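Everything below concerns the one structure shown next.
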Amino acid sequence: MQIRRIEVQNYRKLIGPVVIDNIGDGLTVIAGDNEEGKSTLLQALRSALLDRHSRSGSAADSMLPFGYKVRPEIKLEFEVDGTRYKLTKGFCSRPGAELVTPTGIVTDDHAEERLQELLRFKPPGRGRAKPN
């Protein structure tokens, strides 16, 4: 998998939108001062790829920026085996998932299932996702 674009809005300290675009082949380095959101950006990427959009309770609340009641949203463009995909996930308020594929658009649970197939992992019953 090659990540090509990341956009994060209303996720923890990244209120936003934070966009990293034109990510090419090879190594990409995210650099910045302490407390600028590098780790938060990586956590958002993990949430987009591995967490279900329907996540609820304290797990979902942990995504919210302090003092805000907004919709954390992560958009991701990536390639798998040379094929490009666009993923959008929103959590908490109006949760949803959309995966744009070369053959069409799948949403919500179908998008989650297709993403699992693409990335070859099993969703957790409890705890973190596990590779197939």
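What follows draws every value from the coordinates through simple rules; no lab data is involved. Predicted model, so just to flag it, every value in this text is computed and none were measured. Cβ atoms come from the backbone with ideal geometry, glycine included; neighbour counts cover every protein chain shown.
For ARG12, the residues whose amide H sits under 5 Å from its own are LEU64, ignoring neighbours fewer than 5 places away on the same chain, with H placed 1.01 Å from N. Taking GluC sites (Glu not before Pro) across the range 17-86, the ones in a DSSP loop with at most 10 further Cβ atoms lying within 10 angstrom of their Cβ are GLU35. The Rg/Rh ratio for the range 59-103, using Cα coordinates for both the radius of gyration and the Kirkwood hydrodynamic radius, is 1.12.
Measuring between their Cα centroids, the range 1-80 and the range 81-125 lie 15 Å from each other.
When all alpha carbon pairs of the range 3-66 are counted in 5 Å bins from zero, the resulting P(r) reads 4, 15, 26, 27, 15, 9, 3, 1 %.
Tally Lys and Arg at +1 and Asp and Glu at -1 over the other residues with C-beta under 11 Å from the C-beta of LEU64: what net charge comes out?
Working: positive: ARG12, LYS13, LYS69, ARG71; negative: ASP61.
Its environment carries a net charge of +3.
Based on the inverse mean of 1/r over its pairs of different Cα atoms, what is the Kirkwood hydrodynamic radius of the chain, in Å? Mind dumping the intermediate values first?
Details: mean 1/r = 0.0656 Å⁻¹.
Averaging 1/r across every pair of different Cα atoms and inverting gives 15.3 Å.
Can you tell me the FRET efficiency between ARG94 and GLN2 if r is taken as the Cβ-Cβ distance and R0 is 30 Å, rounded to the nearest 0.05? The calculated FRET efficiency here is 0.50. For the chain, averaging the sequence separation of C-alpha pairs within contact (under 8 Å, six or more residues apart) and dividing by the residue count gives a relative contact order of 23 percent.
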